[in-house]
1. Starting from region 1-16, keep only residues that are surrounded by 15 or more Cβ atoms within 10 Å (Cβ to Cβ) and aromatic (Phe, Trp, Tyr), then list their pairs with residues that are modelled with pLDDT under 70 and not in a strand (DSSP E or B) whose Cβ atoms are within a distance under 9 Å, requiring at least 6 positions of separation or different chains.
2. Given the structure, is VAL21 out of contact with any Phe, Trp or Tyr (no Cβ under 8 Å at 6 or more places or on another chain), part of a helix (DSSP H, G or I), β-branched (Val, Ile, Thr) and at pLDDT 90 or above?
3. How many residues are part of a loop (DSSP other than H, G, I, E, B), of a type in the set (A, V, I, L, M) and surrounded by 16 or more Cβ atoms within 10 Å (Cβ to Cβ) when one looks only at region 40-89?
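The values are calculated or read from the model by the stated rules, or taken from the named source; none is laboratory data. It should be emphasised that the depicted structure is a prediction, and the values quoted were computed from it without experimental measurement. Quick reminder, even Gly has a Cβ in these numbers, built from the backbone with ideal geometry, and neighbours come from all protein chains shown.
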Amino acid sequence: MHGVINNGIATIYVADLDRSVAFYTEILGLRLGYQADGHWASVFAGGFEIGLHPAGRGGPPPGAAGAVTVGLSVDDPIDVVVRTLQARGVPFRGSIVDDGPVKLAFFADPDGNELYLAEQPAARTE
C-alpha cells in the first residue's frame with residue numbers, strides 16, 4: 001500500500017508503566033519519546049518505536065498471547081484505509097476507535113497475530 005502506511009510501532013502491554021519506562025530507558029538505554037501520565041509511553045531504538053501500554057485497560061495481561069501487537073501508522077484517513085483493506089479481504093474487529101488524539105482499527109494477519117492501524121494527529125486532515 002504505497003503512500004498509505006508510513007511507519008510502524010510495536011505495542012507491549014505492561015504491568016507497571018513506570019517500571020517498564022525505567023527498564024527500557026535506564027537499563028536498555030533507549031530514548032524516551034513521549035509519556036502520557038500513566039496511560040502510554042513511547043521509547044525509541046533508533047528509528048524503531050516501542051509503545052508501552054498499561055495492562056488492564058482492555059488489553060491482554062503482560063506476557064500473554066496478544067500482549068505484543070504491531071501498529072501501522074497511516075497517511076490517509078483511517079476510514080479510507082480500512083475500506084481499502086476490507087476490499088482486499090482483511091476482516092477488522094469492531095469499528096474504528098476514536099481514542100482522543102489517535103484513531104485505531106484492529107485486525108489480525110492470516111496467522112492470528114494482532115495488528116492495528118493508527119491515524120495520529122499529525123496525519124489527520126480534520
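1. TYR13/ARG57
2. Details: out of contact with any Phe, Trp or Tyr (no Cβ under 8 Å at 6 or more places or on another chain): yes; part of a helix (DSSP H, G or I): yes; β-branched (Val, Ile, Thr): yes; at pLDDT 90 or above: yes.
Judged against the criteria, VAL21 is a match.
3. Matching residues across region 40-89 total 2.
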